[in-house]
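The next block holds one structure in the form of structure tokens; read it before the comments.
Derivation of every value follows stated rules applied to the coordinates shown; laboratory data play no part. All figures in this text were calculated on a predicted structure; none of them were measured in a lab. Every residue, glycine as well, gets a Cβ built from its backbone with ideal geometry; the counts of neighbours run over all protein chains shown.
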Amino acid sequence: MKLYFLSLASGSSGNCYYIGVPGYGILIDAGIGIRTIKRTLKENMIDFAGIIALLVTHDHTDHVKTAGYLSEKHNIPVYATEAVHNAIADSRYVSEVINPSARKIVEKEKPFMIRDLHITAFEVPHDSADNVGYHIKFGDHAFTFATDVGHITATVSDYMSRANHLIIEANYDEEMLMSGTYPAFLKERVSSPTGHLSNRETAEFLATHYHPGLKNIWLCHLSRDNNHPELAYKTVDIRLFNEGIRVGKDVTLTTLKRSTPSELYEFD
């Protein structure tokens, strides 16, 4: 059975990803408008009616904007940790509350299944009420989603190292951040251990933890003000090359767009 992956949006103004098989699929985060979600899925010949679940990483608006609407208007179950569910319920930025019947509690490192998808949430450091990444297995394929990562802990490293297909944050270039217009407190927040990963940090992890089973890397959640797609790509590419890892031969590397969809990736 084929497996599909699509990034609908990946940036500080909104995040949403799709993973599915013929007949059904799930969303990871819903920080963009419902019209955009429906339109993007339709353009990729994905039936919105086949969305059977939403997985939420954390409670920041750019990840949960449409979570309540999906549950209330379309009866889509929303999976998140209890702390994230509580924070969403208290958020003034989420216009529709999550239907209580759609509220599914995720426990970190306790595997669960959504039909044929084997899913494990894992702890990710970030300055939200709570934050997780997701490791999703289907057949011989293993996806790991790790976005909004303050720093790479042993747990984060473990789950990222299990992936054949890795979606990993490369949020900012250190020089751009420090020389940019952000106030000092915001620069400190972004670069803190509960903020975001820089291009350099991501490149270093990938270069030192590459394994032959890793087939695809997507760099996600790039900053609009403190990064460029070409810069993020080049930083990782050069670091991998210095370690003897060839992009295009040993692994594919793609920088996801902030506010427009990626291509639809298909795996056998």
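For the range 249-268, name all the residues that are of a type outside the set (S, T, N, Q) and within 27 Å of Gly20 (Cβ to Cβ).
Quick first cut of the range 249-268, residues of a type outside the set (S, T, N, Q) only: 249-251, 253, 256-258, 261, 263-268.
Of everything in the range 249-268, those that are of a type outside the set (S, T, N, Q) and within 27 Å of Gly20 (Cβ to Cβ) turn out to be Val251, Leu253, Leu256, Lys257, Arg258, Pro261, Glu263, Leu264, Tyr265, Glu266, Phe267, Asp268.
Cβ separations smaller than 9 Å between residues 6+ apart or across chains give the following pairs from the range 162-187 residues that are assigned to a helix (DSSP H, G or I) to residues that are basic (Lys, Arg): Glu174/Arg200; Leu177/Lys187; Met178/Lys187. Cβ-Cβ contacts under 6 Å between residues 6 or more apart (or on different chains), taken from a first residue in the range 44-64 that is charged (D, E, K, R) to a second residue that is outside any loop (DSSP other than H, G, I, E, B), are listed as Asp59/Val84; Asp59/Ala87; Asp59/Ile88; Asp62/Gly14; Asp62/Asn15.
Restricting the range 155-176 to residues that are of a type in the set (A, V, I, L, M, F, W, C) and surrounded by fewer than 23 Cβ atoms within 10 Å (Cβ to Cβ) leaves a set whose member that is nearest to Glu123 (Cα to Cα) is Val156. Residues considered: Gly33, Gly23. Of these, the only one that is surrounded by fewer than 21 Cβ atoms within 10 Å (Cβ to Cβ), among the small types (Gly, Ala, Ser), in contact (Cβ under 8 Å) with a residue 24 or more places away in the chain and out of contact with any Lys or Arg (no Cβ under 8 Å at 6 or more places or on another chain) is Gly23. Looking across the range 202-212, the residues that are over 18 Å from Gly11 (Cα atoms) and either surrounded by 17 or more Cβ atoms within 10 Å (Cβ to Cβ) or not hydroxyl-bearing (Ser, Thr, Tyr) (or both) come down to Ala203, Glu204, Phe205, Leu206, Ala207, His209, Tyr210, His211, Pro212.
Pairing residues of the range 235-253 that are in contact (Cβ under 8 Å) with a residue 12 or more places away in the chain with residues that are among the charged types (D, E, K, R) and outside any helix (DSSP H, G or I), at Cβ distances under 7 Å and at least 6 apart in sequence or on separate chains, gives Val251/Lys215; Thr252/Lys215. Taking Thr235 as the residue in question, decide whether it is among the polar types (S, T, N, Q), assigned to a loop (DSSP other than H, G, I, E, B) and farther than 18 Å from Phe145 by Cα. When the stated conditions are applied, Thr235 does not pass them. Does Gly150 satisfy the criteria of being in contact (Cβ under 8 Å) with a residue 60 or more places away in the chain, closer than 26 Å to Asp130 by Cβ and not in a helix (DSSP H, G or I)? Here the answer is no, as Gly150 does not meet what is asked.
Go through the range 2-78 and tell me which strands (runs of 3 or more DSSP E), entirely inside it, have 2 or more residues that are among the β-branched types (Val, Ile, Thr). Please lay out each step first, then the result.
Details: elements: 3-11, 14-21, 24-28, 51-55.
So the answer is 14-21, 24-28, 51-55.
With respect to being buried (at least 17 other Cβ atoms within 10 Å of the Cβ) and polar (S, T, N, Q), Ser198 fits the description.
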